[in-house]
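Here the structure is laid out as structure tokens; the discussion comes afterwards.
The values are calculated or read from the model by the stated rules, or taken from the named source; none is laboratory data. Please read all numbers here as calculations on a predicted model, not as lab measurements. All Cβ positions, glycine included, derive from the backbone under ideal geometry; neighbour counts span all protein chains shown. SASA here: full protein model, heavy atoms, side chains in, ligands and nucleic acids out. Shrake-Rupley method; radii C 1.70, N 1.55, O 1.52, S 1.80 Å.
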Amino acid sequence: MKRALELARDNLGNTGGKPSVGAVLTQKNEIVAEGVTQENGEHAEVNVLGKASGDTLYVTLEPCCHKGDTGPCTGAIINAGTKRVVIATQDQNPKVNGKGIQQLKEQGIEVTYGVLESEAKRLYVPFFHWITTGKPFVTVKAALTLDGSMTWGDEKRKWITGEEAKKHSHTLRKEHDAILVGSETVLKDDPELTTRYVKGKNPLKIVLDRRGRVPKEAKVYNEGDTLIWTDTISSLVEWLSEKNITSVLVEGGPTVIASFMNEGFANKLMLYVGSKKENGRGFFELLKKKPTILDMRVQQFGKDVLLEGVLG
């Protein structure tokens, strides 16, 4: 199952809007094929079963049992003669949610589920949020100095974290459907908002610009699709829901980040903390209340530390 989860994580952002699923097929405990969700919508189970025959299928998400854009994966598994299916976590999609497991069992297939479930659930938090609420999962991300500043004492923006953290932040971009900043960030930093440091598709670029300040020559227009939003954040969330945008990465400045958190639209917080102190400006002082952070995790990238957790 560890290998299946690795495949799913590596494939984030390359699934054409579907959840990224990893699948591993074995025969007598030897791996004979690996598969992932394809950009054209082909599910991981169908992908891997089309490559080889095996007795056991390891899959990160419960196989679907309904006909959507493709046929049900449970049917493909049954027709392939698979004897055992090991699943990391159930699919919270109301159309599935245990029904896929039950269908496999009714056909005499041995099913085990809940293997490395906590890791799988963490991977599918954005999809589960979207499929159950209809709203995009919003992650707010910031780079901070040791004293919580996003800017330096002279209010100028400089690199707070090192190359390893920067590369990881670009991985986050490819894992999201959209990336968002405010017009102030565009005017001060002129960012490209691409995934140029890693291999992956560029997300939709959204700039909040109610005053029409973003110049036509800004780098956000250079590559990929760019949306300039001139209305409120709440109306933007509604629009994103209508367009089936499942996940958004907010990379804006202190005001934009605080706005998403204060209005209750932020679902996850990711803070890259550098090794220097500076009496600059952050977003904590702009928050209306202290956030509750659940499932906190810590990772190290060079001299920098990443703190991440779901907002309660």
- Message: Would the range 55-163 count as rounded, prolate or oblate if I go by the C-alpha gyration tensor, calling it rounded below 1.5 in a/c and otherwise prolate when a/b exceeds b/c, oblate otherwise?
- Response: prolate
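Select from the range 34-94 those trypsin sites (Lys or Arg not before Pro) which occupy a DSSP coil region and have at most 14 other Cβ atoms within 10 Å, ordered by residue number.
Passing sites in the range 34-94 are Lys51, Lys67, Lys83.
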- Can you tell me the dipole magnitude for the range 174-244 around its Cα centre, using point charges on the Cβ only (Lys, Arg +1; Asp, Glu -1), in Debye to the nearest 20? 180
- Under-5 Å amide H pairs with Cys64, H placed in peptide plane, nonlocal only: Cys73, Thr74
- Within the set Pro63, Pro136, Pro94, GNM on the chain using Cα springs under 10 Å gives the largest fluctuation to Pro94
- Query: Rounded to the nearest 500 deg cm²/dmol, what is the calculated helix-only ellipticity per residue at 222 nm for the chain, with -39500 (n - 2.57) per DSSP H run of length n ≥ 4?
  - Reply: -8000 deg cm²/dmol
- Carbon/sulfur accessible area of the chain, % of total, 1.4 Å probe, equals 46
- Item | HN-Hα J in Hz across the range 216-223 - Karplus 6.51, -1.76, 1.60, θ = phi - 60°, x for Gly and Pro | 5, 8, 4, 5, 5, 8, 5, 8
- Query: Which length gain, in nm to one decimal place, applies between Gln300 and Val111 when the Cα-Cα distance is subtracted from 0.36 nm times their residue separation?
  - Reply: 64.4 nm
- With θ set to phi - 60° and the Karplus curve 6.51 cos²θ - 1.76 cosθ + 1.60, what are the ³J(HN,Hα) couplings of the range 86-101 in order, to the nearest whole Hz, using x for Gly and Pro? 10, 10, 6, 8, 5, 7, 7, 4, x, 6, 10, 6, x, 5, x, 4
- Item | lysines whose Cα lies under 20 Å from that of Lys105, excluding same-chain neighbours fewer than 8 positions away | Lys67, Lys83, Lys95
- Message: Among DSSP bridges having both ends in the chain, what percentage is antiparallel? Round to the nearest 5.
- Response: 45
- Find the accessible area per residue for the chain; the probe is 1.4 Å, ligands and nucleic acids are left out, and the unit is Å². 49
- With +1 on each Lys and Arg Cβ and -1 on each Asp and Glu Cβ, how big is the dipole of the range 25-74 about its Cα centre, in debye rounded to the nearest 20? 120
- Run down the lysines and flag those whose C-alpha is under 23 Å from the C-alpha of Lys276, throwing out any fewer than 8 positions away in its chain. Lys141, Lys156, Lys158, Lys166, Lys167, Lys188, Lys303
- Computed over the Cα atoms of the chain, the Rg and Dmax in Å are 21.1, 68
- Task: Quick one: P(r) of the range 252-312 from all Cα-Cα pairs, 5 Å bins, percents rounded to integers, in order of increasing distance.
- Result: 4, 16, 24, 25, 21, 9, 1
- For labels at Leu187 and Asp231 in the simple 7 Å Cα→Cβ model, what's the distance in nm? 2.4
- Treat every Asp and Glu Cβ in the chain as -1 and every Lys and Arg Cβ as +1, leave all other atoms uncharged, and give the resulting dipole magnitude about the Cα centre to the nearest 20 debye. 380
- Give the accessible area for Val186 in Å² (nearest 10); use a 1.4 Å probe, count only protein heavy atoms, and leave out ligands, DNA and RNA. 10
- Note on the structure: Once amide hydrogens are built 1.01 Å from N within the peptide plane, the residues lying 5 or more places from Ile206 or on another chain with amide H under 5 Å from its amide H are Ile179, Leu180, Val181, Leu227
- Near Gly212, within a Cβ-to-Cβ distance under 14 Å, what is the net charge of the other residues, with Lys and Arg +1 and Asp and Glu -1? +1
- Message: With both bridge residues required to lie in the range 153-304, what share of the DSSP beta bridges run antiparallel, to the nearest 5%?
- Response: 10
